[in-house]
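Scroll down for the structure; my scribbles are underneath it.
The values are calculated or read from the model by the stated rules, or taken from the named source; none is laboratory data. Only a predicted model underlies this, so the values are computations on that prediction, with no experimental measurement involved. No Cβ is skipped: glycine too gets one built from the backbone with ideal geometry, and neighbour counts run over all protein chains shown.
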Amino acid sequence: MRRWFQSKSINTPSPAGAVLSYVVLGVWALLILFPLYWLIITSFKNSSQVAEGPFYIPFADFKPSLEAWRYILVGDLSQDTLRNFGNTLLVAPVSSLIALVLGATAAYALVRFEYRPRVGAILTFIGCLVLSIVLISVGLSWPIGLIVSAAVFILLLQTIGRRFKRALGNNDIAFWMISQRMLPPVAVVIPIYILFQRLHLLDTYTALIITYVTSNLPIVIWLMRDYVSTIPIELEECASIDGASRYRIFWSVVLPLAVPGLVATFLFVLVFSWNEYLLALFISSAKVQTLPLTIAAQNATRGPQWWNMSVLILIMIIPVIVIAIILERYITRGLLIGAVKG
Amino acid sequence: MDTTATHEEQQPVRLHTIISSAADRLAGSVFILPAVLALLFLSLFPLIASLYVSLAKFDIAPGGFKLTFVGLNNYKKLFTGSEGTHFLGKFAPSTFITWLVFGAVVIGLGIFLARYVLNNRISIGGLIGRMLLALGLGSLTWMLVHTLWNGGRLGTASITLVYVFVGIFFQYILGLSLAMLTVQRLPGRRFFRVVFLLPMMITPVGVAYMFRMLTDTSKGPFTPIWQALGLINFSWVNNAWGARTAILIGDIWQWTPFMFIVLVAALESQPVEPVEAATVDGANSWQIFRHITWPAILPVSMTLMLIRLIEAFKIVDLPNVMTNGGPGTATQSLTYHAYINWRALNIGASAAVAYMLLFLVTFFAMIFVNLIRQRTVETL
């Protein structure tokens with residue numbers, strides 16, 4: 001009787017615990033899979049089969065048709081779908097990778113270095129930024145406006161900026177970074193649109209990638225900061241004594257140990273840029289549209305086209321699922337075992 | 001002879017160390033500057049530009065648009081003018097219960113302030129910060145108690161707070177329990193892990209449409225259940241709390257995976273030796289969780305909650321698609337409020353709502369980072 005409640009090793013639950021775990025996991029899996037099942041069967045329905053009430057089992061309750069799949073993949077919408085699919089497939093991974101590289105280095109820096117930016121310097125910088133915006137909106141061409149305010153900035157930095165000796169710390173920098181995500185997209189789309197219009201970057205991959213990298217950076221930095229800080233500093237000290245440079249330590253000691261965190265963060269950021277809707281709506285007009293725009297476009301004047309939408313949503317999650325299945329194995333325990341002892 | 005030999009040997013070595021130490025000294029900047037510059041390029045400009053827009057009136061003009069500076073007019077409208085009931089809600093007259101709840105909160109805040117003042121280590125900054133905190137929380141409580149009960153109506157600010165805090169609470173609890181279950185060595189755990197990630201991968205607009213299908217009481221899959229309960233003519237659109245619950249369920253369904261995956265990674269990267277040692281010493285599983293696992297995942301949990309706090313304040317797709325903000329304005333979040341103004345080309349008013357959202361998020365994020373996160377992480 002007792003062996004039902006006894007576990008053999010730390011991570012292996014007792015038989016009773018395993019049964020309980022399976023029940024809980026099964027219930028949640030069901031809660032997740034049922035909506036997806038509904039999505040799948042809706043994609044095989046036509047408009048009358050959706051309108052006439054709930055039908056649950058294909059062939060038994062209703063006759064499935066490939067109408068919607070044909071419409072999306074080879075029919076009228078196929079050109080749009082495939083182009084937007086390609087765009088999403090390019091923009092999301094590239095921007096996530098860049099964000100991951102920039103974010104992981106910055107996170108490491110925030111954990112292991114100490115920064116003391118002066119309050120005076122920051123205030124002068126903000127002042128000059130406001131100045132440049134005012135100058136440009138008054139009608140000066142933007143290179144001149146930028147150069148003028150940069151000159152003023154350097155001048156003030158050398159004089160007034162030095163007066164205020166108070167400095168901020170790493171936590172303040174981190175908070176500033178995460179605060180960049182606080183404004184809702186509705187408020188930032190117009191300034192971003194104007195910015196890219198001035199730079200002649202509207203409807204380009206560059207614009208989308210830049211936008212996604214900067215909007216995802218804060219999240220990468222915050223998540224990686226915690227993962228990096230769990231890495232024992234002794235390992236880095238050992239490497240340092242052996243003569244490795246900071247870059248070498250980061251590349252050969254920190255990054256390999258942070259792999260579970262890197263993978264989880266990458267997955268999350270990838271999903272974020274994969275699914276982003278509002279910014280893409282503004283930045284792209286035809287050439288670089290992404291798939292979420294196609295989905296939203298299915299809410300036509302005749303009401304939502306549920307079957308087309310379902311097909312598009314399903315098409316959209318397949319690549320991410322494949323990536324998740326490939327990457328999931330790297331989120332596993334044991335990378336640190338024995339590393340600290342020796 | 002000897003000296004020249006050592007001299008020749010040392011020279012290149014010294015040069016090398018000089019270069020590498022210079023590079024090492026620069027390492028701090030090299031590591032952080034790319035990220036800072038990227039953020040400055042695209043984040044600071046929209047922030048300042050939309051602040052200006054919120055202080056202006058936006059008009060379509062020939063060849064583009066025109067901004068006229070109107071000062072704080074857009075904000076004034078939000079608090080006292082035509083948008084007042086929309087933003088803050090309709091205030092019911094005070095009753096005994098509202099005074100009781102409000103009084104309790106005020107006393108609590110008073111004790112909090114008094115304890116800080118009586119504690120000998122006070123600073124001006126800390127005092128001002130705590131007074132702002134007390135003031136903010138006090139007025140939020142005043143707003144909530146007068147709009148929640150008898151005759152009041154929630155404004156978009158309170159509705160957003162409900163979404164954020166109820167949503168995050170359930171997401172974290174669910175995410176943590178599921179993560180704890182799937183780090184056990186169970187056959188098939190990789191299947192569960194991938195399945196649990198699925199909701200996060202669907203585009204938010206897609207999730208919203210999917211939940212609209214599912215919550216349809218006459219054609220959705222749960223129609224027989226509604227029929228059995230006699231709710232066939234019941235519509236989410238008619239019941240404020242029903243509609244809010246539906247949206248919350250969608251939100252929890254969609255974002256639990258985020259908590260889940262990050263917590264799984266945190267649990268997996270936790271060293272096993274302390275757990276082994278504790279088991280040898282005879283600790284039970286609750287003690288292991290409380291004293292070893294929980295402290296190890298606490299920092300990452302705090303970050304998770306902060307990120308979700310910031311993201312959840314921006315909820316818009318679910319109310320927009322599922323209920324169109326209805327019944328009335330009962331399910332409208334702040335971002336949706338901004339979006340309505342924006343769609344009506346009231347860009348200035350929209351930016352003002354967005355900035356109020358920014359203040360609210362900053363307020364809670366500050367509390368979170370300065371009080372809760374620091375205290376919990378430091379006491380470890």
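Quick notes on this structure:
- Looking at region B:244-351, the helices (runs of 4 or more DSSP H) lying wholly inside it that each contain 1 or more residues that are at pLDDT below 85 and under 20 Å from the mean Cα position of the chain (by Cα) sit at B:294-312.
- Filtered residues of region B:143-159 (kept if of a type in the set (Val, Ile, Thr) and under 14 Å from B:SER333 (Cα atoms)): B:THR156, B:ILE159
Per-residue answers, yes or no, for (1) outside the structural domain of B:MET143 (by TED's automatic domain parsing); (2) within 18 Å of B:THR331 (Cα to Cα); (3) among the small types (Gly, Ala, Ser):
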residue	(1), (2), (3)
B:VAL164	yes, yes, no
B:LEU174	yes, no, no
B:GLY188	yes, no, yes
B:PHE191	yes, no, no
B:VAL194	yes, no, no
B:LEU197	yes, no, no
B:MET200	yes, no, no
B:LEU229	yes, no, no
B:ARG244	yes, yes, no
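- Within the option set A:PRO184, A:PRO191, being touching a Lys or Arg at 6+ places or on another chain (Cβ under 6 Å) and either of a type in the set (A, V, I, L, M) or within 7 Å of chain B (Cβ to nearest Cβ) (or both) holds for one residue only, A:PRO184.
- Test: residue in region B:134-142 that is small (Gly, Ala, Ser), closer than 26 Å to A:GLU276 by Cβ and either in the same structural domain as B:TRP241 (by TED's automatic domain parsing) or within 19 Å of the chain's Cα centre (by Cα) (or both): no
- Meets criteria (assigned by TED's automatic domain parsing to the domain that holds A:ASN84 and either part of a loop (DSSP other than H, G, I, E, B) or not β-branched (Val, Ile, Thr) (or both)) for A:LEU195: no
- Here B:VAL117, B:VAL53 are screened, and the one residue that is β-branched (Val, Ile, Thr) and over 25 Å from the mean Cα position of the chain (by Cα) is B:VAL117.
- Test: residue in region A:50-70 that is within 18 Å of B:MET210 (Cα to Cα), modelled with pLDDT of 80 or more and not hydrophobic (A, V, I, L, M, F, W, C): no
- Leading residue by the ranking (surrounded by the fewest Cβ atoms within 10 Å (Cβ to Cβ)) among those in region A:273-330 that are of a type in the set (D, E, K, R) and more than 30 Å from B:LEU42 (Cα to Cα): A:ARG302
For every residue, the table says whether it meets (1) touching a His at 6+ places or on another chain (Cβ under 9 Å); (2) surrounded by fewer than 24 Cβ atoms within 10 Å (Cβ to Cβ); (3) more than 11 Å from chain A (Cβ to nearest Cβ).
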position	(1), (2), (3)
B:ALA296	no, yes, no
B:SER301	no, yes, no
B:LEU306	no, yes, no
B:ASN324	no, yes, yes
B:SER333	no, no, no
B:ARG343	no, yes, no
B:VAL353	yes, no, no
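- In region A:45-78, residue surrounded by the most Cβ atoms within 10 Å (Cβ to Cβ) [restricted to those that are in contact (Cβ under 8 Å) with a residue 40 or more places away in the chain and either touching a Gly at 6+ places or on another chain (Cβ under 7 Å) or part of a loop (DSSP other than H, G, I, E, B) (or both)]: A:LYS45
- Just one of (1) in contact with a Phe, Trp or Tyr (Cβ under 9 Å, 6 or more places away or on another chain); (2) within 14 Å of chain B (Cβ to nearest Cβ) fails for A:PRO64. It is (2).
- Neighbours by Cβ (under 8 Å, 6+ apart or cross-chain): first from region B:127-149, at pLDDT below 85; second among the basic types (Lys, Arg) and not in a loop (DSSP other than H, G, I, E, B): B:THR147/B:LYS90; B:THR147/B:ARG153
- Count - residues of region A:194-206 that are at pLDDT 85 or above and either buried (at least 24 other Cβ atoms within 10 Å of the Cβ) or not hydrophobic (A, V, I, L, M, F, W, C) (or both): 5
- Meets criteria (of a type outside the set (A, V, I, L, M, F, W, C) and modelled with pLDDT under 75) for B:THR4: yes
- Residues that are among the hydrophobic types (A, V, I, L, M, F, W, C) and not in a helix (DSSP H, G or I) do not occur anywhere in region B:107-121.
- Within region B:183-204, considering residues that are more than 18 Å from B:ILE252 (Cβ to Cβ) and among the β-branched types (Val, Ile, Thr), the one surrounded by the fewest Cβ atoms within 10 Å (Cβ to Cβ): B:VAL194
- Where A:ASN216 falls short, out of the listed (1) in contact with a Phe, Trp or Tyr (Cβ under 7 Å, 6 or more places away or on another chain); (2) farther than 21 Å from A:PHE175 by Cα: (2)
- In region B:254-284, the residues that are crowded, with 16+ Cβ neighbours inside 10 Å, more than 9 Å from every other protein chain (Cβ to nearest Cβ) and among the small types (Gly, Ala, Ser): B:ALA278, B:ALA283
- Inter-residue pairs, beta-carbon under 7 Å, first farther than 16 Å from B:ILE307 by Cα and outside any helix (DSSP H, G or I) and in region B:357-380, second modelled with pLDDT of 80 or more and of a type outside the set (S, T, N, Q), 6+ apart: B:LEU380/B:PRO295; B:LEU380/B:LEU298
- Tallying residues that are under 28 Å from the mean Cα position of the chain (by Cα), at pLDDT below 85 and more than 8 Å from chain A (Cβ to nearest Cβ) within region B:27-50 yields 1.
- For region B:216-233, the criterion of being within 30 Å of B:LEU360 (Cβ to Cβ) and more than 9 Å from every other protein chain (Cβ to nearest Cβ) is satisfied by no residue at all.
- Taken over region A:102-126, the criterion of being within 12 Å of chain B (Cβ to nearest Cβ) and either loosely packed, with under 15 Cβ neighbours inside 10 Å or on the phi > 0 side of the Ramachandran plot (or both) is satisfied by A:PHE113, A:GLU114, A:ARG116, A:ILE126.
- Members of region B:74-103 found to be over 30 Å from B:PHE58 (Cα atoms) and out of contact with any Ser or Thr (no Cβ under 9 Å at 6 or more places or on another chain), listed by number: B:PRO93, B:SER94, B:THR95, B:PHE96, B:ILE97, B:THR98, B:TRP99, B:LEU100, B:GLY103
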